[in-house]
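> The structure is given below, and queries will be raised subsequently.
Every number here is computed from the coordinates shown, using simple stated rules; none is lab data. Note that the structure is predicted; figures quoted are calculated from it, not measured. So basically every Cβ, Gly included, is an ideal-geometry build from the backbone, and we count neighbours across all protein chains shown.
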Amino acid sequence: MTRAEATADRIAAAAALAGGAAVVLAAPAAGALLAGEGLPPLAFPPRPTEPGPASLSVGAAFLVGWIGAATIWAALAAALGCRPGQGPAPARGPWPRWGWAALAWTGLWWLVAWTRIPALDPVQPLTFTPLWLGYIAVAAALLRRLGARRPRGRDLALLAGASAVWWWLFEYLNAYVRNWHYLGTERYGDAAYALLATAAFATVLPAVALTTALLGRLRRPWRCPARLRPVRVRRPGRSAALWALAGAALLAAAGAFPAQAYPLIWAAPAMVLAGLQRLLGRPTWLAPLARGDWRPVVLPALAALVCGLFWELWNWRSLARWAYTLPGLQAPALFAMPLTGWAGYLPFGVSCAVFADLVLRAAGRGGLAAALGWDAPEQPPEEGSR
């Protein structure tokens, strides 16, 4: 990539981030106002402590569960259902000494999170962030053990800062859909809550990125999504505009009809961001699909599901925790998450990857693929014209 192309890439990524943030903020509000619902209470920091509406529709739960299970099966089949390419397996490295310290740290904070020892009461509501710092360190140690390239510290720091903003945007969306609320945080004032929540939210993107990298190297068959059916677009400019508009419409629908359209908030941001980036003439995180490389979809989706397992597990018995209320889908739960809700982690993972890629491109770091050390070649120009 030439210097001019790199500059254009940075400008386009920054513009897509700014435009995407504006759409995420404006579209639900526009939908709510057009539907006559009015705006929800909007204050910073948002502190949802009251449960929203919850119900169970067997038909809706079956449909969502079937779609989620089929999608997970397809992702696993893509990752495991073909033979790995020929050639030597990646050389493994040593398990670092600090990896043992990270495991011990994580286990210690897990114990603190799930026990109710009076002497530990001041720190027991604060276990989310140290647990996830431990997870991130263990994931980095595993990558080193597998001989994989790890995202650099500067890249992880950029993702951490962006991650806090990213999840605050979802807290804003939750003001409309009211799908989760928090328990055990009442002891903190607004300033302390905002600071502690920001620290917790900063762990989301680094955890998903490192887990994505791990899945790409954990076993050689995980590379198989790089050799699937290509998806080519004849008129990328028009398709990008429709993609971005569709994402905005889904966000507006979530604001207008929160009890019915709330699942859309997990996929819509990726549609808006990728559509805007492509409209600005730059290849997106999803561009490798044009050559049959489905890793940008399969691996982040599964990575979010893996992270989701630990999010929900550690949250389950923690003192400060969240709880879910899903209209129509309040099915029996695994940990605190209704079984139907687990499907939301799949599009959320892709949205995280699209956003993280834009952040790293805007910072001149080459994008998420470069940070993960993927060996995919540069995306060729897409067929057709605007």
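> How large is the Kirkwood hydrodynamic radius of the chain, counting all unique pairs of alpha carbons, in Å? Display every interim value, and only then the final one.
On the way: mean 1/r = 0.0460 Å⁻¹.
That comes to 21.7 Å for the chain.
> Okay, next question. Using only helices, what value at 222 nm comes out for the chain when you add -39,500 (n - 2.57) per DSSP H run of length 4 or more and divide by the total residues, to the nearest 500 deg cm²/dmol?
-19500 deg cm²/dmol
> Would you mind checking which residues have amide H under 5 Å from ALA333's amide H? H placed 1.01 Å from N; only 5 or more apart, or other chain.
Correct list: LEU339.
> In debye, nearest 20: dipole of segment 232-386 around its Cα centre with unit charges on the Cβ of K, R (+) and D, E (-)?
Working: 13 positive and 7 negative charges, 63 e Å.
Roughly 300 debye for segment 232-386.
> With a ≥ b ≥ c taken as the square roots of the eigenvalues of the C-alpha gyration tensor of segment 204-355, please select rounded if a/c is under 1.5 and otherwise prolate if a/b is larger than b/c or oblate if it is not? Can you show the working numbers first?
Details: a/c = 2.37, a/b = 1.26, b/c = 1.88.
It is oblate, given that a/c is not under 1.5 and a/b is not larger than b/c.
> A further question on this structure: Which of the three applies to segment 276-315, rounded, prolate or oblate, going by the alpha-carbon gyration tensor with a ≥ b ≥ c and a/c under 1.5 meaning rounded? Intermediate values should be presented prior to the final figure.
Numbers: a/c = 7.37, a/b = 2.23, b/c = 3.31.
Verdict is oblate for segment 276-315.
> If I require 24 Å or longer along the helix axis, counting alpha carbons, and a Kyte-Doolittle average no lower than 0.0, what helices from the chain are left? Use full DSSP H segments.
3-34, 58-80, 97-114, 128-145, 153-177, 236-256, 295-316, 345-362
> Please work out the Cα center distance from segment 249-315 to segment 134-154, rounded to the nearest Å.
Result: 24 Å between the Cα centres.
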